[in-house]
Amino acid sequence: MTRGRDAGFTLVEVLVALVVFALLVVGLSNGVQVGLTAWRQQQRLLDASGDLDTVDRTLRGLIQQIEPSPRTGPPTMDGNKNVVAFTSILPMAVSDVGTRRADMVLRVDDRHRLILRWSPHLHNKTFGAPPVATDTVILQGVLAVTFGYWDGGAWHESWAGRAPPSLLRISLRFGADDPRRWPEMIFAPLRTGAAS
């Protein structure tokens with residue numbers, strides 16, 4: 001009785017199978033590494049755009065709700081190219097202060113944070129201490145903010161008026177090593193019932 005070749009594998013066949021298996025493992029590990037790198041990059045981009053979306057929605061809501069002041073009151077908006085002050089309505093999340101109408105200042109502080117400083121808006125003069133201002137951090141890592149005020153067919157570097165400007169432009173500047181590059185944000189206050 002003669003034994004055929006079907007009794008097992010030769011050493012050359014086993015070595016070829018091992019080499020093919022090693023090449024497959026190397027290819028798969030490189031593919032997984034490329035996939036993980038792409039996923040991390042996409043996650044960083046999504047995080048940055050998520051910040052922009054949150055900041056955009058927050059500022060849009062505040063600026064759209066600026067109401068013109070009465071003829072005898074202080075200006076509705078008072079600002080220059082680095083700081084703007086206005087009176088608007090706080091988001092629902094801050095409803096525990098009794099009134100959602102607040103006096104606000106938007107600026108970048110010395111710790112490179114875009115800050116919204118707000119305090120409850122008082123309709124009448126009080127005899128006690130003024131309301132305590134609260135600082136809310138809108139965005140971290142901002143080198144500078146620049147405001148522009150559109151009215152009369154041109155952009156202006158400052159604004160003080162009983163009615164808000166037609167448009168408010170906000171430009172954020174970040175550090176050279178910061179990957180965030182955000183476009184200018186332009187908001188239109190709802191100017192219903194504007195005082196003349």
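Taken together, the values in this text are just the output of simple stated rules run on the coordinates, not laboratory data. Quick caveat, the model's predicted, so the values are computed rather than measured. Cβ coordinates were reconstructed from backbone atoms using ideal geometry, including for glycine residues, and neighbour counts include every protein chain displayed.
The figures follow:
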quantity	calculated
Amide H contacts of Ile66 (H built 1.01 Å from N, under 5 Å, at least 5 apart or other chain)	Leu190
Against the rule of thumb 2.2 N^0.38 Å, how large the Cα Rg of the range 108-184 comes out	1.42
Net charge, Val108 excluded, C-beta distance under 13 Å - Lys, Arg +1, Asp, Glu -1	+3
